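Please treat every number below as a calculation from the coordinates, not as lab data. Remember, it's a predicted structure, so these values are computed and weren't measured experimentally. Cβ coordinates were reconstructed from backbone atoms using ideal geometry, including for glycine residues, and neighbour counts include every protein chain displayed.
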């Protein structure tokens, strides 16, 4: 659709990769700090984008993701309650997730030649 050959990730897919890596690393770091052994962990991200927004075809449609879902499959030596707490920590303490989840001013300006 965007004139590529689908041979590599596009920028919005890189954002999902960054979120997956950062949320996963944050979860593992906090699990280790709590003495929790993780036996298995896989992370999958899904996002929904309406291309009409990016292409400027509909001003009522946002040009970015409408929703991002982070699905983590975890097997660890702890209770389900502890796993839920770790998932919350991954969401709130991951620098990439935190940056995406809150309004962050972004300035785009022309650099001097």
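For a quick check, take a GNM of the chain with Cα springs below 10 Å and name the residue from 19, 72, 51 with the largest mean-square fluctuation.
The residue that fluctuates most here is 51.
Sketch the reach of a paramagnetic label on residue 6 as a point 7 Å from Cα along Cα-to-Cβ, and name the residues of region 19-54 whose backbone nitrogen lies under 17 Å away.
Counting only backbone N, you get 47, 49, 51.
Among (i) 15.2, 41; (ii) 16.7, 57; (iii) 17.5, 58, which is the computed Rg and Dmax of the Cα atoms in Å?
Computed from these coordinates, Rg and Dmax of the Cα atoms in Å corresponds to label (iii).
Which of 23, 33, 90 moves the most in a Gaussian network model of the chain with Cα springs under 10 Å?
33
Could you give the angle, 0 to 90 degrees to the nearest 10, between helix 80-93's Cα long axis and the longest principal axis of the Cα atoms of the chain?
Roughly 40 degrees, rounded to the nearest 10.
Under a 10 Å cutoff between Cα atoms, tell me which one of 17, 40, 30 has the largest fluctuation in the Gaussian network model of the chain.
Ranking 17, 40, 30 by mean-square fluctuation puts 40 first.
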